[in-house]
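Chemist: Quick one: structure below, then a few questions.
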Amino acid sequence: MRHWIVVVFGMLFFGTALAETIDIVELKEEYERPKSIPFPENNQFSQEKWVLGKALYFDPRLSSSGTQSCATCHNPSFSWGDGMGLGVGHQHQQLGRKSPTILNLAWDEIYMWDGRKATLEEQALGPMESAAEMNIDIKDLPTILNEIPGYAILFKQAFPNQADPVSAENVAKAIATFERTVVSGEAPFDRWIKGDESALTDEEKRGFIVFNTKANCAGCHSGWAFTDSSFHDIGLKSEDIGRGKMLPKVEKMQFAFKTVGLRNIELRGPYMHDGSLKTLDEVVDHYDSGFVKRPSLSDEIETLNLTTAEKKQLVAFLKTLTSADEPVSMPVLPR
Ligand code: HEC
Ligand code: HEC
C-alpha cells in the first residue's frame, strides 16, 4: 500500500504521465474483485434455497399490512436501497435511519448501521418482527406461509431432509442466501484495475489517487467493496449516537456508524445514515471541512483543503464504481 503511494507521489512530482505512475500490481491486490461469493458453513448455497429466498424477499404477504416486503425498502431499482433520506415503515411511519443497500453484504462481517446483528441470518427476521416495519409476530410466520400452498413445495425443495421445513429459521436461511448473491457487477473501475487504461479518463484516475492519498478516503473505504466493515464517527450533525448505544464507554464509538461500501454509490443518494447529504459533491465538501469536531471524531478525519479540481476528480472517480448490471427480474410468487 504505502509503496505505491510513494511511487504515485514521486512520479506526479516529476510530471510523468499519470497512466504509468500507478503500480498496477500492488493495486490489484488491494482492489481486485473476489472470484466467488463466500457462504457460511451452516448455510451453503443451493439453487432451491435461492429461489425460495428470492420469493420471500419480494413477498409483501409477510407483513401485517400485506404491502411491505424487504424489497420495499431494499429495492433493486434504487441500488437495493429506497432512494429516500429516511426509511418509511408500517402505516407510513418514518424510521429513524436510512434504509441501507444490501449490495455486497456477503463480504461484510457485521450488520446494521450500528452493528447490532452478527449475521445476515440473524438480521433477516428483525424487520418482519419490528412494529415499525413489517410488523408480524415471528411465531405466526409458519402459519402465514402454510396458508400459501405453493410455499410448502418451495420449502421442501430447499430443505429436502427436514420433516417440517416451513420454519422461521429456514426463512432466515433462504433470505440470507438470496441476499449474498446480490453483488455489484463489473464497473469501469474494475476494467481499469485489470489493465484497460482506456476504461477511465485522466480526471477519474486522478480522483482515485486523491481518494487514496490526500483525501484519505481509503483509510476507511478499503478493498474491492470499499468498506472496512468497521464503525467511525465522521462528524455528521445528527444526534443519533449509533454504535455508542451498544458501547457507551468507548469514546470513539459515540456517533459511530458502519462504513458503507461505495460500489454503485452514484445510484444511492441521499447519503449517510440520516440521509443528510444530498449529492456526492456535498459528501466531498463534508469530508473536506464540513464535519463537526468532537472527542469521538475518527482520527482518520481531518481538514483536507482539497482544491476545486481535486473535489471534481474525486466525484468523477466515485462514478466509475457504477456497474451496468442486468435488470433484476421479479419472481412469480407462490399461490
Ligand atoms: C420499512 C423499511 C424496511 C423494510 C421493510 C426492511 N428493511 Fe432492512 N433496513 C431498513 C433500515 C432503515 C435499516 C437500517 C436500520 C439500522 O441500522 O438501524 C435496514 C437494515 C438492513 C440490513 C443491514 C444492512 C447493512 O449494511 O448492515 C439488512 C441486511 C436488511 N435491512 C435486510 C432486510 C430484509 C431481509 C428485509 C425483509 C425481511 C428488510 N430488510 C426489510 C429498512 C427496511
Ligand atoms: C473515518 C473513516 C472514513 C473516512 C476517512 C471516509 N469515510 Fe466515507 N463513510 C464512513 C462511514 C462510517 C460512513 C457512514 C456514516 C454515517 O452514515 O453516519 C461513510 C459514508 C460515506 C458515503 C455515503 C454512503 C451511503 O450509502 O450513504 C460516501 C459517498 C462516502 N462515505 C465517501 C467517502 C469519501 C469520498 C471519502 C474521502 C473524502 C470518505 N468517505 C472518507 C467512513 C469514512
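Chemist: What number of residues within the range 235-253 satisfy the criterion of being without any contact (Cβ under 8 Å) to a residue 40 or more places away in the chain and either outside any loop (DSSP other than H, G, I, E, B) or within 16 Å of ligand 1 (Cβ to nearest atom) (or both)?
Modeler: 4
Chemist: Can you pull out the residues in the range 297-335 that are β-branched (V, I, T) and open to solvent by 40 Å² or more (accessible area, probe 1.4 Å)?
Modeler: T303, T307, T308, V328, V332
Chemist: How about the range 304-319: which of its residues are among the polar types (S, T, N, Q) and either free of Cβ contacts under 8 Å to residues at least 60 places away in the same chain or not assigned by TED's automatic domain parsing to the domain that holds A218 (or both)?
Modeler: Those that are among the polar types (S, T, N, Q) and either free of Cβ contacts under 8 Å to residues at least 60 places away in the same chain or not assigned by TED's automatic domain parsing to the domain that holds A218 (or both): N305, T307, T308.
Chemist: So which residues in the range 67-81 are part of a loop (DSSP other than H, G, I, E, B) and at negative phi?
Modeler: Selection gives T67, Q68, S69, H74.
Per-residue answers, yes or no, for (1) part of a helix (DSSP H, G or I); (2) under 26 Å from E326 (Cα atoms); (3) more than 9 Å from ligand 1 (Cβ to nearest atom); (4) open to solvent by less than 50 Å² (accessible area, probe 1.4 Å):
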{"site": "R61", "(1), (2), (3), (4)": "yes, no, yes, no"}
{"site": "S65", "(1), (2), (3), (4)": "no, no, yes, no"}
{"site": "G83", "(1), (2), (3), (4)": "no, yes, yes, yes"}
{"site": "L86", "(1), (2), (3), (4)": "no, no, no, yes"}
{"site": "I102", "(1), (2), (3), (4)": "no, yes, no, yes"}
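Chemist: Follow-up question, since we're still on this one. Tell me, which helices (runs of 4 or more DSSP H) wholly within the range 118-234 include 3 or more residues that are under 19 Å from the mean Cα position of the chain (by Cα) and more than 16 Å from ligand 2 (Cβ to nearest atom)?
Modeler: 120-124, 168-180
The values are calculated or read from the model by the stated rules, or taken from the named source; none is laboratory data. Source: prediction; values computed, not measured. Backbone-built Cβ (ideal geometry, glycine too); neighbour counts: all protein chains shown. Calculation scope for accessible area: heavy atoms of the full protein, side chains included, ligands and nucleic acids excluded. Shrake-Rupley method; radii C 1.70, N 1.55, O 1.52, S 1.80 Å.
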